[in-house]
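J.: A single structure is presented below for examination.
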Amino acid sequence: MTKIFETPLYPYTRHADQAAKTPVRRKVVVIGAGPIGLAAAIDLAQQGIEAIIVDENDKVSFGSRAICFAKRPLEILDRLGCGDPMVDKGVVWNLGKVFFDERKVYEFNLLPEGGHKRPAFINLQQYYFEQYLVNRARELEREGAPIEIRGGNKVIELKDQGDHVDLTIDTPEGAYQLEADWVIACDGAASPTRQMMGLDFVGRVFEDNFLIADVIMDAPFPTERWFWFDPPFNKGQSALLHKQPDGVWRIDLQLGWDIDKEEEKKPEKVIPRLKAMLGEDVQFELEWVSIYTFQCRRMEKFRHGRVLFAGDSAHQVSPFGARGANSGLQDTDNLCWKLKLVMDGKAPESLLDSYDDERIYGADENILNSSRSTDFITPKSDMSHLLRDAVLDLSEHYEFARPLVNSGRLSVPCTYDQSPLNSLDKLDGPARTRPGSPCPDAPLGDGYLLDQLGDQFTLLIINADAPEELEVDGIKIKRLALSSADDSTNAIKERYLGKATQAVYLIRPDQHVAARHKTFDQDYFTTALRRAIGKSA
């Protein structure tokens, strides 16, 4: 049976641009047809911005790629029009368990609070994730949206000319020239774009190796994240087990630093390790095996003139915590609405500098948490090893010790507390919805709040009065007025009002709070909107 990762989804076809006598100018060229590049192009196309995706490959990814997708990225995918197929196919989970040796020391629920459309996480192979994004891009293309995927197109040279970027693109029929107003580089951790521009990462490489295996088996394990410290089947090391669709399970086994990577990847070495973990009687088949080393690094800047970096091309973290693809999707969510306003002439180009401000802050937060996880999982001194084991022992019986256990702090959305786009908070409301925060979901009528917020500037009005129409500097602000009668579960009150009886919020197109006030104040919200698009300090 042919599997989806063996089938070209966007095979090379000759384009008219290749025969043009002078280079054709395109609005945005996205380099890389992985999850981040596809998401960026879909976001732009839905806003009417031409997005051309170029990739030297012609099919979805296969191998030891992302599988854990968190609640916030799923909400972003809802706005991109492909959240439902992801969740329908994915394995939904909220519960995790931590083991020390053979003992379960505690378990945790990542979404104990009700009233959310999406779960804490789904597990879904990256090849399915990419397939659904490609399907969405094709759907938009059929509807006339300005999006295109060019497989077999490899960028081999680019130069920022100040008002555009020159690109040389190689194909099976030879190279051609293309111009782009803007380039978004989503070409992965090895990023040829970054190398062509002479840019590099700063950060840390951890001295440890992990075996990752995707295993096809019919096993009785529940749909939970299981993590072991010092298990009997991998003594002195760690292990991780995750369920994926189609009877595929992801297994991570810590191996240590001084190993022969090629030798450890051989089936005759891998299969005994898996049998020790799963039991001699469990029948399984290897789908993929690889060895990886942790890296927690990022570029010093994500914006370089008219070339913008997103996802793994801009930053890398260890896989514990599922912060790679999840943070990359938050990159594009942060970037695309800003790029749209700049390209439409409604915001200054300097607004794009806030992409650096906010997403470098997010990357640093991820790198900090990921580094702490890795240090806890792989202690490098006798004292740190002793401390870790003491914390694990205590966590079995004492709740105070459990927050100290770090088997991979799982991905949460970033709050841009120090963003230059935030306005002074004028509401004594819940901390979780302060300026800079991502909006939490809540039940609303037969649906959910985030679906109603959409992807434009919105004035969220709760038990308050505000104008029917509001426009600032050519930007129309959507109005969403709610009352207590709309809040049947009290979730909106708890998440947006707290002790207040009314509130007015200015929500950004990426559904982060820009400003909030206890009442509608024309001057305050006019200034807040201008600040949110980079027009005032």
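J.: In debye, nearest 20, what is the charge dipole magnitude of the range 444-537 about its Cα centre with +1 on Lys and Arg Cβ and -1 on Asp and Glu Cβ, if you could check? Don't skip to the answer; put the middle values down first.
T.: Working: 12 positive and 14 negative charges, 86 e Å.
With Lys and Arg at +1 and Asp and Glu at -1, about 420 debye.
J.: Distance from the Cα centre of the range 382-441 to that of the range 216-230, in angstrom?
T.: So the separation of the two Cα centres works out to 26 Å.
J.: So, one more: Nearest 5 percent is fine: what portion of the DSSP beta bridges confined to the range 431-532 is antiparallel?
T.: Values: 15 of 20 bridges.
Taking every DSSP beta bridge within the range 431-532, about 75 percent pair in antiparallel fashion.
J.: Using only C-alpha positions, report the orientation-averaged shadow area of the convex hull of the chain, nm², one decimal. Don't skip to the end; give the middle numbers.
T.: Working: hull surface 106.1 nm².
Computing the convex hull of the Cα atoms and averaging its projections yields 26.5 nm².
J.: Now, a different point. Please work out how much length the chain gains when fully extended from Gln418 to Arg432, using 0.36 nm per residue of separation minus the C-alpha to C-alpha distance, in nm with one decimal.
T.: Details: separation 14, 0.36 × 14 = 5.04 nm, distance 1.48 nm.
That works out to 3.6 nm of additional length.
J.: Between Val282 and Ile4, what is the label-to-label distance in nm when each label sits 7 Å out along the Cα-to-Cβ direction?
T.: Inter-label distance under the simple model: 2.5 nm.
J.: Related question: Measure off 7 Å from each Cα along the Cα-to-Cβ vector at Thr293 and Asp465, then give the distance between these two points in nanometres to one decimal.
T.: 6.7
J.: I need the peptides 498-508, 446-456, 107-117, 175-185 ranked by packing, meaning the mean over residues of other C-beta atoms within 10 angstrom, with the highest value on top.
T.: On the way: 498-508: 20.0, 446-456: 16.5, 107-117: 14.2, 175-185: 21.8.
Sorting 498-508, 446-456, 107-117, 175-185 by mean packing, highest first, produces 175-185, 498-508, 446-456, 107-117.
J.: With the calculation restricted to Cα positions, what are the radius of gyration and Dmax of the range 1-77 in angstrom?
T.: Rg, Dmax (Cα atoms, Å): 15.2, 48.
J.: What residue among Ile49, Ile492, Cys296 has its Cα farthest toward the positive end of the dipole of the chain, where the charges are +1 on Lys, Arg and -1 on Asp, Glu, each on the Cβ?
T.: Projecting each Cα onto the dipole axis, the largest value belongs to Ile492.
J.: Give the percent of DSSP beta bridges with both residues in the chain that are antiparallel, rounded to the nearest 5.
T.: 70
J.: In addition: Per q in 0.10, 0.16 1/Å, what log10 I(q)/I(0) does a Debye calculation on the alpha-carbon atoms of the range 118-243 return?
T.: -0.62, -1.08
J.: In cubic angstrom, how much convex hull volume per residue do the alpha carbon atoms of the range 198-315 span? Intermediate results must be reported in sequence, preceding the final value.
T.: Values: hull volume 17.6 nm³, N = 118.
Normalising the Cα hull of the range 198-315 by residue number yields 149 Å³.
J.: What is the mean projected area of the alpha carbon convex hull for the range 431-532, to one decimal in square nanometres?
T.: Values: hull surface 23.3 nm².
With every direction weighted equally, the projected area is 5.8 nm².
J.: Right, another one. Ranking Phe69, Phe284 by Cβ neighbours within 10 Å, fewest first, what do you get?
T.: Details: Phe69 27, Phe284 18.
In increasing order of surrounding Cβ atoms, one gets Phe284, Phe69.
J.: Going by how many other Cβ atoms sit within 10 Å of their own, how do Trp228, Trp288 line up, fewest first? Could the numbers behind the result be given before it?
T.: Details: Trp228 25, Trp288 16.
Ordered from fewest to most neighbouring Cβ atoms within 10 Å, Trp228, Trp288 come out as Trp288, Trp228.
J.: If R₀ is 35 angstrom, what is the calculated FRET efficiency for the pair Lys535 and Arg142, using the beta carbon separation as r and rounding to 0.05?
T.: Values: r = 37 Å, r/R0 = 1.07.
Given R0 = 35 Å and the Cβ-Cβ separation, E is 0.40.
Only the coordinates and a few stated rules stand behind these numbers; no lab work does. These figures come from a predicted structure and were not determined experimentally. Using ideal geometry, Cβ is built from the backbone for each residue, glycine included, and neighbour counts are taken over all protein chains shown.
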